Amino acid sequence: MDEGFGRFSNFEAALSAFLRFSSVSRSRLASHPDWLEWLAGVAATAATGNRGPGRWGMDWRELCGEGADASRKLDALRALKQREQLRIGFLDFAGCHSWEETVLALSRYADFSIGCVLQIVAEDLRVEQGPLAVLALGKLGGQELNYSSDIDIVFVAGDEETPFAEPLRTTIAQHVVSGLSGSSGVGALFRVDLRLRPDGNAGALVPSFSECERYYAASGETWERMALIKARFVAGEPDLGYEFEILRQQFCFPRHLTEEVFEEIAEMKARIDAEILLGDQRLRDVKLGPGGIREIEFLAQALQLFYGARQPIVQVRSTCAALGALATVGILPQGRVEGLKDAYGFLRNLEHRLQMVEEIQTHSLPTGEEARAQIAESLGLSPPDFESTLQAHRSLVHELFQQYFITKVESAISIPIRLFALPEEATRNLEALQARDSLLSAPRAARAFRRLAPFLGKALATAVDPDTVLRRLASFVSKYGARSFLFETLAANPKALELLIQLFDASSFFSEILFAQPELFEEITQSRSLGEQKRKADYLAEMSGLSGEAALATRIYRRGELLRILLRDILMLADLPAIQQEYTALAEACVELACRSLDVDDLAYVALGRFGGGELAYGSDLDCLCIGSREQAALAVHRFLGETLPAGILFPMDYRLRPHGEGPLALPFEAYESYYRDEAQFWEIQVLTRARFVAGNVRMGERWIAMVERIWRDRSASCPVAEVVSMRERIEQERRGEIPSFRRFKTGAGGILDIEFGMTLWLMGEGKRQPNFWKAFVALRSVEPKLAQVFEEGYRFLRRMEAVLRRERNQQQEVLPEEPSGWEQLGRRLGYATLEGFIEAYEGQRKAIREGYSELCERAQRVPR
């Protein structure tokens, strides 16, 4: 071999220098003298660089011999790795291979090894590999492996589950890891690092694909996006690998990243410097130190994350390929990229020399001059040239890194404490919002909160009760879990934040629903149904498709629908009558579903009061009558609707308006007919003005309504007006009479009952039975437009005020708060800027209503009966 060999005069000179430099290679040749002849043979051929899985497979089978068991196969694979690493290291040292060819060869052998070990394990366990994929990350994923690199791998399983799938796939993964990292005296194949899987060491060893999707969507951090840039399928099920590749692209290259990603990466690098690099180690570490390999990789990966969605050409795995792509699209200047590539190549060659000596994972330059001179000589440089070249490369890299990654000084959170009546509590809640979920996610959450803070401050400034809102927001965030994801979502969508603040400002009851089911907020706000009014048929169709036990599933569904209705209300996507109709339709659907679920087809349910009028509100009972003879069936329906389960109740049923106000829940048709014809007091006939069939047996219900219509008309013809007026006066004086009339907006003078009694008197006088007052106002408008306007405007004002009070606890409410501060908050929720403005409007409505009611009663009393 007289011709030149790489940077040496011949093979012998190159080999001599290599063995002087690499003690681990000397030991291997001493243990396997026959490898010297083999090395001379493969190094002398032009096809040396083309050795790959095909040739390795042939060599491996030869080393295994006939009938090899799993242990023998693994030992043969380990021996083959040592021999191949000798060849790769020698050709690298001699200058026959570039550093790119070196890392590619090392990576390809790692891929080959993982595939072989997976095959050995499957055969040994006598199972099929099943839907299991092995993914390489880090340097192996980028095909940039070192001589002594760990291999970062992640196992992913398919979603096709059987009772034994999870333990089996975990067993397979454990055996693969053992096969790769175990030694049995021959030496290990590779050290395995599994910490890059979802949830790290706390996560499942083999997460399913769906679990990976959920994790990266809800909890994925910037450092995980960086890690997954290099993720690559290496063994197992190719289709699963392809699915993960699509997930990788979606997760690693999102469209919504901001420049804060550079700040976050700078902070990560700063933490590494502070925690790992101590003393002069900082300057000696060619990987983690200033101007080192990590700064080049971080720079490339940050720019890939930031521009990847808009420039797909940069979505590559290897660092040099990424730098080249960034230059191609003009993100980095070509000259800078050439400098970075040269620096990266030099530093990787230097890293190889450091690891080649003993094949240990080190990135630190030696301190002694002689050792450094040997490193310089191995690179073909004199010691002075080596030191100056190293310094030049590191200076260029660090300068460019600092241009992109200057850690910003954290600004104070700009939420004025003057907004709050309880500043100390508000300060604690603001601190609670910024509490970290974990060490890794803390920087991301802190940055996201800084972005969110201006929007949050603005939203809190519009709240009626900012202290309560902030307290509820802190509780919600603590229940939500992935606060960084939540903060980023709200910062990117301030309208969603405003809605959340409005909800917390409106109701403690509905806030508690969100605490119990935080996912409801996202489901509802992203659903088209927020802009749609649902009917009874819509609810029934959706509830009929629920899975699980009907009573529980329906309660969970109802809770979400009540929240949706509230959001439609506070966003003013529907007016008051529409909100009442939708609430009523949900209640009707629940009663109907109870009948269907229990196979009750011989009972009919008639609604009275607000339920009958289609005007239910937050916290309403369902005033009902049950027509039929099956008491046990009626009791079963009652339990289905009213029994308290973990998800609460559906609706409380109220049967007190049935004949005699007591006794069985279900009465036959004839009993009702006889009672209303012969025994009922007139106020009970008055109640029937709002009777309406809502669920159960249609024929029975329609027949009952026709009967009521006849009796109501007959009794209305001789309406005792004085008796009705007297009853209204008695209610005004006696029901909660200890509370001033001003605060009793339902029973007090000019309250809701003035309108209800007045409209009922008018309807009975006209012989028009109309359960819904909004429709009754329309009828009145045709003959008494001014009176109709007074009643309709007053009814809307008082019912709206009632709704605001009721929705706080989802409970009935018919009096104003005791303290003026409560009146002020109520007025603000109704849109009044001052307390005086609200009181003036309230008193004006009450006065007009009472005058209208008095006028209507006088007219009714003048009509001969």
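The values are calculated or read from the model by the stated rules, or taken from the named source; none is laboratory data. All values reported here derive from a predicted model rather than from experimental measurement. Backbone-built Cβ (ideal geometry, glycine too); neighbour counts: all protein chains shown. The area values use the complete protein model at the heavy-atom level, side chains included, leaving out ligands, DNA and RNA. Shrake-Rupley method; radii C 1.70, N 1.55, O 1.52, S 1.80 Å.
Please give the contour-minus-distance gain from Glu166 to Arg195: 0.36 nm per residue of separation, less the Cα-Cα distance, rounded to one decimal in nm.
That works out to 8.5 nm of additional length.
Among rounded, prolate and oblate, which fits region 520-637 when a ≥ b ≥ c are the square roots of the eigenvalues of its C-alpha gyration tensor, a/c under 1.5 means rounded, and a/b larger than b/c means prolate?
It is oblate, given that a/c is not under 1.5 and a/b is not larger than b/c.
Calculated FRET efficiency, Ser364 and Glu66, Cβ-Cβ r, R0 45 Å, to nearest 0.05?
Approximately 0.45, to the nearest 0.05.
When the helices in the chain are scored as -39500 (n - 2.57) per DSSP H run of 4 or longer and the sum is shared across all residues, what 222 nm value do you end up with, to the nearest 500 deg cm²/dmol?
Taken over the chain, the calculation gives -20000 deg cm²/dmol.
What number comes out for the charge environment of Leu36, summing +1 per Lys or Arg and -1 per Asp or Glu over other residues with Cβ under 13 Å away?
Surrounding charge for Leu36 is +1.
Taking N as the number of residues in region 636-766, what value does Rg over Cα atoms divided by 2.2 N^0.38 Å take?
Region 636-766 yields a ratio of 1.24.
Say the cut-off is 20 Å between C-alpha atoms; which of Lys139/Lys269; Lys479/Lys534; Lys81/Lys139; Lys81/Lys287; Lys746/Lys786 go over it?
Table pairs above 20 Å Cα-Cα are Lys479/Lys534; Lys81/Lys287; Lys746/Lys786.
What's the carbon and sulfur percent of the chain's accessible surface, probe 1.4 angstrom, rounded to a whole number?
Result for the chain: 51 percent of the exposed heavy-atom area is carbon or sulfur.
Enter the accessible area of Met543 (Å², nearest 10), with the probe set to 1.4 Å and all protein chains included.
For Met543, solvent-accessible area is about 10 Å².
Report, in degrees rounded to the nearest 10, the 0 to 90 angle that the Cα long axis of helix 442-461 makes with the longest principal axis of the chain.
30
Counting only heavy atoms of protein chains, what accessible area per residue, in Å², does the chain have with a probe of 1.4 Å?
43
Take the Cα atoms of region 217-257, build their convex hull, and give its volume per residue in Å³.
Hull volume over Cα atoms, normalised by residue count, gives 72 Å³.
Label point 7 Å out from Leu598 along Cα-to-Cβ: which residues of region 678-712 have amide N under 18 Å?
694-698, 700-701
Arranged from highest to lowest average of other beta-carbon atoms within 10 Å per residue, in what order do the peptides 857-863, 661-667 appear?
661-667, 857-863
Kindly state, to the nearest 0.05, the FRET efficiency for Glu702 paired with Arg809, given R0 = 56 Å and r defined as their beta-carbon distance.
So the FRET efficiency works out to roughly 0.90.
So what's the gap between the Cα centers of region 233-251 and region 562-636, to the nearest angstrom?
So the separation of the two Cα centres works out to 50 Å.
Compute the relative contact order of the chain as a whole-number percentage, counting only Cα pairs closer than 8 Å that sit 6 or more residues apart in sequence.
7
Tell me, in nm to one decimal, what length is gained between Gln861 and Trp38 on full extension, where the rule is 0.36 nm per residue of separation less the Cα-Cα distance?
Gain on stretching Gln861 to Trp38: 284.2 nm.
On C-alpha positions alone, give me the angle between the axis of helix 423-433 and the longest principal axis of the chain, in degrees, nearest 10.
Tilt of helix 423-433: around 50 degrees.
Please state the shape class of region 304-415: rounded when a/c is under 1.5, otherwise prolate if a/b exceeds b/c and oblate if not, all from the C-alpha gyration tensor.
Prolate shape, in that a/c is at least 1.5 and a/b is the bigger ratio.
I want the local charge near Arg710. Using Cβ-Cβ distances under 12 Å, sum +1 for each Lys or Arg and -1 for each Asp or Glu among the other residues.
In short, +2.
If I take R0 = 22 Å and measure r between the Cβ atoms of Glu424 and Asn493 in this structure, what FRET efficiency does the formula 1/(1 + (r/R0)^6) give, to the nearest 0.05?
With a Förster radius of 22 Å, E is 0.10.
Multiplying the sequence separation of Arg713 and Arg528 by 0.36 nm and subtracting their Cα-Cα distance, what value in nm do you get?
62.1 nm is the gain from fully extending Arg713 to Arg528.
Which three numbers, in whole Å and largest first, are the semi-axes of the equivalent ellipsoid of region 74-200 derived from its Cα gyration tensor as √(5λ)?
Ellipsoid semi-axes (Å, largest first): 29, 16, 11.
Find, among the GluC sites (Glu not before Pro) in region 515-616, those assigned to loop by DSSP (not H, G, I, E, B) with at most 15 other beta-carbon atoms within 10 angstrom.
Glu532, Glu549
May I ask for the angle, rounded to the nearest 10°, between helix 70-94 and the longest principal axis of the chain, with both axes built from Cα atoms and the value confined to 0 to 90°?
60
Where a Cα-Cα gap under 17 Å defines reach, which lysines qualify for Lys458, not counting those fewer than 8 residues away within the same chain?
Lys495
Can you give me the distance in nm between label points at Ser629 and Gln789, each placed 7 Å from the Cα along the Cα-to-Cβ direction?
Once both label points are built, they end up 5.6 nm from each other.
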